[in-house]
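Enquirer: Quick one: this structure, given as structure tokens, is what I'll be asking you about.
The values are calculated or read from the model by the stated rules, or taken from the named source; none is laboratory data. These numbers come from a predicted model, not from an experiment. With ideal geometry, Cβ positions are generated from the backbone for all residues, glycine too; neighbour counts draw on all protein chains shown.
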Amino acid sequence: MRANAKPIGGRLLTPSYKVILLIAAIGVATIIWRFAAGLGATTALSDGYPWGLWIAFDVVVGTALACGGYAIAILLYVFNRGQYHPLIRPAILTSALGYSLAGLAVAIDVGRPWLLWKVPVMIWRWNVNSVLLEVAVCIMAYVVVLWIELTPALLDRWSQSGQEQLRRRAERIRPSLDRALIWITALGILLPTMHQSSLGTLMLLSGPKLNAIWNTPFLPMLFLITSVCMGYAAVVFETTFSSLAFGLPKDLRILGSIQRVAAIGAAVVVGFRFVDLGLRGVMGQVFQLDLPAILFWIENVLFVLPVLMVAQKRVVSLGSLFRSAVLLALGGTLYRFDTFLVGFNPGRGWHYFPSVPEILVSVGLVAVELAAYIAIVKTFPILSGVRETSPTAVD
Amino acid sequence: MASDRRALLKGLAAAAAAAALPAVPALARQTPSAPSDAVGLLYDATRCIGCRACVVACKEANDLPADTTTYGDGLYDAPAGLNERTKTVIQLYKEGNEQSFVKKQCMHCIDPACAAGCMLGALKKREHGIVSWDASRCVGCRYCQTACPFGVPQFEWSKKAPKIVKCELCRDRLAEGKQPACTDVCPRQAVIFGKREDLLAEAHRRLASEPDQYVKTVYGEHELGGTQVLYLSHVPFEKLGFRFDSTDAVPKVQHLIQHGVYQGFLVPAALYAVLGTVVFRNRGKGSVDGSLTDEEK
């Protein structure tokens, strides 16, 4: 399988790639402006809403959508389903990019980023009760793990490069890397299990400020399950994208079974949430006609629709797979936005809607990720099923 | 081998379940109580005349700039609420004939949510139980603001090297043997400084001697796990902006879960060992080196 992964090749600077680069450049320029002018001048954040789009979207949603590597690794390495192997490398790449950019978003969001180095280094100052510390250290470690997990792609490129020196260096490194990768891979499953659940635990510290609909001690479990669902959805996106953009063959059967796993997760989440609301005696809250209740129902519809599509076996074409993946990803995204922003009530008089610079940075970071993904799959052996003859580069 | 794997997967499922589920009650931590040397404030709304001498004195003592934004013409230092230039503020509640002033500043919680979340302990209960801020440990993540149930920590949004701004009970003045600036200048002794236990006794004495004057609660005695700043009032506390009256400390639920799962790091370590073993065993059977297993062919 590994031998099947090949660089896509072809011209990089296509017209549509230039558009992506332009959006990324606007984002980077806005980031520079943020550091020059400060957070107050560039964001809509306030003492009531200290966390906004960058935390809710780039970090909390972004890392969940970057859980493809985690989700596929569970199937592949824990449940030993070898048929998912072609998906792992592109999934790990998207995860590595998504998590790296989430880390960058944190550095943009915090007010005193020049002290961030202290978080992983000053262990003797760690507040071991801080869930945020656990999330931060876990995510930093996972970014390192993900890039290590990608090194075989680099070695493969060296081996395929035709340069004797590089090939020999690759062969020298490979045996020890393969041995280490077992433990790295296990870490690559442990770390997301920890921090994706803890991202939910995070908001429990808002205590009474968090709306009862989302304020459940099971928040970590719900965040964990939905992150895996979102990871599978992201894998379906990615496969759809590479099949459209690079004309790669797609294995609908594999994607369909991934979608089934994700649908089971979504069904569990929906069912569990109603039981939980009932047990906590706050079911009445979702039958009020207010924004939180309406958004709660939209979340559930977004989760239930893909479950129904899978149950009725309507997920057979790439199009319907894609649609159900979009619904799942939107459901998980809305659930996270609601937990971090809509369900968060700092009291009277506070409002938040992201500013234009905040949106430009978030969109720009997605563009950076997309640009990096395309550049890497064209240069390194990531995607499987690449034909021997160089494919026509589609934009 | 198949049964081995099944057993392993079972162990894995159990470990994962333990990691994802909230802690068992047996792991419940002890509810913290106020440190023995805890000091605080007692604010009596029935005595306050709203002169705002405390607000001005606080700004002087803490070297804070005037907040002239409320009226826009730069004339009055009149903050509407706590902000990056204001560590204490007097607000007015008025509805019909009922009115009351209320002083806001850090409550110095016995179990502060801000400190519970703070990664490097920038916000922490230090001497006398005062929740104080250490610039060298703060990355500016603002989790404290997300966590505080009283909306106390303020962030210097206008600065490029922003700090967290909050009342530290004039700890520098305390070190010099003085009392906090706000209690020092209060002409009516509406706000007084002292040891928490003394203030609590005084509050109950006032409640007992003039029961018709007050709502029958000392806010902060038990609310949100108890605070070192205590309040007496003639109007219900929720009208003065105290939104919550639960007696549970804010960090309680999060602590239960986090400690249940991560106590001694045993569950993650066990999960890692199981994962490592599973991946190790599956290696060579197909998935890790990429070829298909027999059953999957």
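Enquirer: When B:Ala78 is evaluated against the numbered criteria (1) within 12 Å of chain A (Cβ to nearest Cβ); (2) surrounded by fewer than 21 Cβ atoms within 10 Å (Cβ to Cβ), which criterion, by number, is the only one it fails?
Expert: (1)
Enquirer: Then there's this: Just name the residue that is nearest to B:Val267 (Cα to Cα) out of those in segment A:159-172 that are at pLDDT 90 or above and surrounded by 15 or more Cβ atoms within 10 Å (Cβ to Cβ).
Expert: Per the criteria, the residue is A:Ala170.
Enquirer: Just to be sure, is A:Arg174 basic (Lys, Arg) and in contact (Cβ under 8 Å) with a residue 40 or more places away in the chain?
Expert: Criteria not met by A:Arg174.
Enquirer: For segment B:65-152, which fully contained strands (runs of 3 or more DSSP E) count at least 2 residues that are under 22 Å from B:Arg243 (Cβ atoms)?
Expert: Qualifying strands (runs of 3 or more DSSP E): B:89-95, B:98-104.
Enquirer: Right, something else. If the requirement is being closer than 29 Å to A:Ala371 by Cα, hydrophobic (A, V, I, L, M, F, W, C) and free of Cβ contacts under 8 Å to residues at least 60 places away in the same chain, which of these qualifies: A:Phe246, A:Phe241, A:Phe274?
Expert: A:Phe241
Enquirer: In segment A:35-69, which residue that is within 12 Å of chain B (Cβ to nearest Cβ) and among the aromatic types (Phe, Trp, Tyr) is surrounded by the fewest Cβ atoms within 10 Å (Cβ to Cβ)?
Expert: My answer is A:Phe35.
Enquirer: I'd like the full set of residues that are closer than 28 Å to B:Val279 by Cα and of a type in the set (S, T, N, Q), limited to segment A:157-184.
Expert: A:Ser159, A:Gln160, A:Ser176, listed by residue number.
Enquirer: Also, I was wondering about something else. Suppose we filter segment A:120-130 for residues that are out of contact with any Cys (no Cβ under 9 Å at 6 or more places or on another chain) and closer than 22 Å to B:Lys163 by Cα; how many remain?
Expert: 5
Enquirer: Would it be correct to say that A:Arg112 is surrounded by fewer than 24 Cβ atoms within 10 Å (Cβ to Cβ), under 25 Å from B:Pro251 (Cβ atoms) and charged (D, E, K, R)?
Expert: yes
Enquirer: Scan segment B:118-165 residue by residue and report those that are surrounded by 24 or more Cβ atoms within 10 Å (Cβ to Cβ), within 26 Å of A:Ala105 (Cβ to Cβ) and more than 7 Å from chain A (Cβ to nearest Cβ).
Expert: Across segment B:118-165, the qualifying residues are B:Ala122, B:Leu123, B:Cys144, B:Cys148, B:Pro153, B:Ile164.
Enquirer: Looking at A:Gly332, A:Gly385, can you tell me which residue is of a type outside the set (A, V, I, L, M), in contact with an Asp or Glu (Cβ under 9 Å, 6 or more places away or on another chain) and on the phi > 0 side of the Ramachandran plot?
Expert: A:Gly385
Enquirer: Also, quick follow-up: Among helices (runs of 4 or more DSSP H) lying entirely in segment A:77-172, which contain 2 or more residues that are more than 14 Å from chain B (Cβ to nearest Cβ)?
Expert: A:85-109, A:131-160
Enquirer: Could I ask something else about it? Tell me which of these B:Pro22 doesn't satisfy, since it passes every other one: (1) within 14 Å of chain A (Cβ to nearest Cβ); (2) at pLDDT 60 or above.
Expert: (2)
Enquirer: Quick check on A:Asp338: is it acidic (Asp, Glu) and buried (at least 19 other Cβ atoms within 10 Å of the Cβ)?
Expert: yes
Enquirer: Please work out which residue is nearest to the chain's Cα centre (by Cα), limiting yourself to segment B:232-251 and to residues that are more than 11 Å from chain A (Cβ to nearest Cβ) and of a type in the set (Ser, Thr, Tyr).
Expert: B:Thr247
Enquirer: Please find, among A:Ser227, A:Ser197, A:Ser206, A:Ser257, the residue that is part of a helix (DSSP H, G or I), touching a strand residue (DSSP E or B) at 6+ places or on another chain (Cβ under 8 Å) and within 14 Å of chain B (Cβ to nearest Cβ).
Expert: Selected residue: A:Ser206, the only one of A:Ser227, A:Ser197, A:Ser206, A:Ser257 that is part of a helix (DSSP H, G or I), touching a strand residue (DSSP E or B) at 6+ places or on another chain (Cβ under 8 Å) and within 14 Å of chain B (Cβ to nearest Cβ).
Enquirer: Same structure, new question: Determine which single condition A:Val119 fails, assuming it passes every other condition in (1) out of contact with any helix residue (DSSP H, G or I) (no Cβ under 7 Å at 6 or more places or on another chain); (2) within 30 Å of B:Asp248 (Cα to Cα).
Expert: It is condition (1) that A:Val119 fails.
Enquirer: Would you pick out the residues in segment B:166-202 that are buried (at least 16 other Cβ atoms within 10 Å of the Cβ), in a loop (DSSP other than H, G, I, E, B) and of a type in the set (Gly, Ala, Ser)?
Expert: B:Ala190
Enquirer: Quick one: in segment B:208-225, which of the residues that are out of contact with any strand residue (DSSP E or B) (no Cβ under 7 Å at 6 or more places or on another chain) and in a helix (DSSP H, G or I) is nearest to B:Arg173 (Cα to Cα)?
Expert: Out of the qualifying residues, it is B:Glu223.
Enquirer: Among the listed residues A:Leu302, A:Leu308, A:Leu318, A:Leu330, which satisfies the condition of being hydrophobic (A, V, I, L, M, F, W, C), within 21 Å of A:Phe57 (Cα to Cα) and surrounded by fewer than 21 Cβ atoms within 10 Å (Cβ to Cβ)?
Expert: A:Leu330
Enquirer: In segment A:1-34, what residues are modelled with pLDDT of 90 or more and within 14 Å of chain B (Cβ to nearest Cβ)?
Expert: A:Ile32, A:Trp33, A:Arg34
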